[in-house]
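Working notes, structure below.
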Amino acid sequence: MKLAIFDLDNTLLGGDSDESWGDFMVELGLRDAETYGQKNQAFYQDYLNGTLDIFAFQRFMLEVVTEHPLEQMLEWRSQFLEQKIKPILLPKAFDLIKSHRQQGHELLIITATNRFITGPIAELLGIEDMLATEPEMLDGQYTGDLTGTPCFAEGKITRLKAWLEERGASLEQENLETWFYSDSRNDTPLLEQVTHPFAVDPDPTLKQTAQARGWEIISLR
């Protein structure tokens, strides 16, 4: 088995889908720009520092989807994809995906961002399998809580191991060859687990780690 794993935000995308979603909510008038911006910036700084509380952050991001009917949220999400996501799709990312697909590798996106936002983005990228942070839904409405293990930092390893186990595989087996592409220091735990770690337009901390460990550094921008 040969498996190519991709982080999403600032890796396959030329930006952050969570941040773009927040901007879109402000533009729709669903959130106050100053208040939302301050909270979001604080979470983003925690992310950069490697101290993000993923549960608190995702509840913050999911709050708006609990306040409106699902049908309305899906309509807004379609607008979001057109206005915010399609402009930051990267041609080099599509080339990288194509290269792995042509070699017969299985493809997997693994992202901390919740599935409500990222599900249709994976479809745009043509990747069927994705592990994402899962928002809870009851009676056809999102609750604002999460289900299962958030797909963040060491949680990505937990989720990936479970995904592989369902397919009769494991990270430890000798005949499993893996690639992982990420921009973030928060993905160092998983980068350490794969056969071929790639730092993609990395943040300063990951760039330093990659240089020290001899990991390949590439740009998709």
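The values are calculated or read from the model by the stated rules, or taken from the named source; none is laboratory data. Everything quoted here is computed from the prediction, not taken from an experiment. Reconstructed Cβ throughout: ideal geometry from the backbone, glycine too, with neighbour counts over all protein chains shown. Quick note on the areas: whole protein, heavy atoms, side chains included, nothing else; ligands and nucleic acids left out. Shrake-Rupley method; radii C 1.70, N 1.55, O 1.52, S 1.80 Å.
Quickly run through segment 25-53 and pick out the residues that are polar (S, T, N, Q) and under 19 Å from the mean Cα position of the chain (by Cα). Of everything in segment 25-53, those that are polar (S, T, N, Q) and under 19 Å from the mean Cα position of the chain (by Cα) turn out to be ASN40, GLN41, GLN45, ASN49, THR51. Among what's in segment 91-119 and is in contact with a Lys or Arg (Cβ under 7 Å, 6 or more places away or on another chain) and of a type in the set (A, V, I, L, M), pick the residue that is surrounded by the most Cβ atoms within 10 Å (Cβ to Cβ). The residue in question is ILE110. Residues in segment 17-60 that are within 24 Å of ARG77 (Cβ to Cβ), in contact (Cβ under 8 Å) with a residue 40 or more places away in the chain and part of a loop (DSSP other than H, G, I, E, B): 2 in all. The criterion of at least 1 residues that are without any contact (Cβ under 8 Å) to a residue 24 or more places away in the chain is met by the following strands (runs of 3 or more DSSP E) wholly inside segment 84-153: 129-138, 141-147. Residues that are among the charged types (D, E, K, R) and open to solvent by less than 20 Å² (accessible area, probe 1.4 Å) within segment 1-46 comprise ASP7, ASP9, ASP18, listed in sequence order. Just one of the listed residues (PRO202, PRO197) is assigned to a loop (DSSP other than H, G, I, E, B), within 15 Å of PHE6 (Cβ to Cβ) and without any contact (Cβ under 8 Å) to a residue 60 or more places away in the chain, namely PRO202.
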